[in-house]
Each structure stands twice: as structure tokens, then as C-alpha cells.
Ligand code: 5GP
């Protein structure tokens, strides 16, 4: 069980700001921007690489949630969505998650 499944199961605390049947979102414990939220499906995908055609509605839903949260958190003037896929790209938790970052100017390219 990953740390994110434990957050879903309320076994460890998190600042949860969104929940529905398919997704949950909470503030990142180590924020990289003034607003740094993780939006995750309840269903476990170890990496983005596991997504299949039948998952398109769920993945689209993550984006719809991101739009709502960006407005709710006051960063809809500019924000970044990031999915790190596998360790070389910076993934540390093997449960697909979308980072929602904002509240400061974000540089490009990322590190
Ligand atoms: P990744 O590096 O896999 O793309 O992102 C994992 C994210 O999960 C990191 O930004 C990290 O700070 C966050 N994280 C790891 N453990 C916890 C935790 O226990 N609680 C919360 N809220 N975030 C966590």
C-alpha cells in the first residue's frame, strides 16, 4: 500500500480539499510553490504508463477537477499541471498523481 492509499483510507492525515467517487485531492506535504496540490484517482495506476483507452474518462475527470481547484485556490490566472512518470522523471510515489502548482511565476524548462 502506498502513502496515497493510506491517505485515501484516512490512515495517515492530509489536508484534503476535494473528494468524489473517483478522485481525491490534498495539499502536498512538501510544497514547491505557494499552491501545490496533488490530484489522484482512487484507482491505483503505478505510473502514467499504465493508462489504457478505457481510462480516458477518469483521466479527463482529473483535469476537470484541476480546473475547479485552480479557481477555488485562486490560481486560475496561471498554473501548471505535472505528472512525473517513473523515477528518472522524478516520480517517487507509485500511484498516479497530478501536481497542481501555482501562486508564483513558474520557469520553463523545468529541472
Ligand atoms: P512525485 O515525486 O512522485 O511526482 O510526487 C510525490 C509527491 O508526494 C511529492 O511532491 C511529495 O512531497 C508528496 N508526498 C509524499 N509523501 C506525502 C505525504 O505523506 N503527504 C502528502 N500530503 N504529500 C506527500
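Numbers for the structure displayed
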| quantity | calculated |
| --- | --- |
| Selection status of residue 17, over 13 Å from residue 98 (Cβ atoms), in a strand (DSSP E or B) and more than 10 Å from the ligand (Cβ to nearest atom) | yes |
| Test for residue 111: is it loosely packed, with under 12 Cβ neighbours inside 10 Å, at negative phi and either in contact with a strand residue (DSSP E or B) (Cβ under 6 Å, 6 or more places away or on another chain) or in a helix (DSSP H, G or I) (or both) | no |
| Residue 100 in a loop (DSSP other than H, G, I, E, B), modelled with pLDDT of 95 or more and either within 14 Å of the ligand (Cβ to nearest atom) or surrounded by 16 or more Cβ atoms within 10 Å (Cβ to Cβ) (or both) | no |
| The stretch 64-97, residues that are in contact (Cβ under 8 Å) with a residue 24 or more places away in the chain, away from the ligand (no atom under 11 Å from the Cβ) and either in contact with a strand residue (DSSP E or B) (Cβ under 6 Å, 6 or more places away or on another chain) or under 26 Å from residue 6 (Cβ atoms) (or both) | 65, 66, 68, 69, 70, 72, 73, 75, 79, 80 |
| Residue within the stretch 43-62 that is touching a residue at least 12 places away in the same chain (Cβ under 8 Å), more than 16 Å from the ligand (Cβ to nearest atom) and assigned to a loop (DSSP other than H, G, I, E, B) present | yes |
| Residue match in the stretch 24-32 (condition: in contact (Cβ under 8 Å) with a residue 60 or more places away in the chain, in contact with a helix residue (DSSP H, G or I) (Cβ under 9 Å, 6 or more places away or on another chain) and either surrounded by 13 or more Cβ atoms within 10 Å (Cβ to Cβ) or in a loop (DSSP other than H, G, I, E, B) (or both)) | yes |
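The values are calculated or read from the model by the stated rules, or taken from the named source; none is laboratory data. Computed from a predicted model, the values in this text were never measured in an experiment. Heads up, the Cβs are rebuilt from the backbone with ideal geometry, glycines too, and the neighbour counts pull from every protein chain shown.
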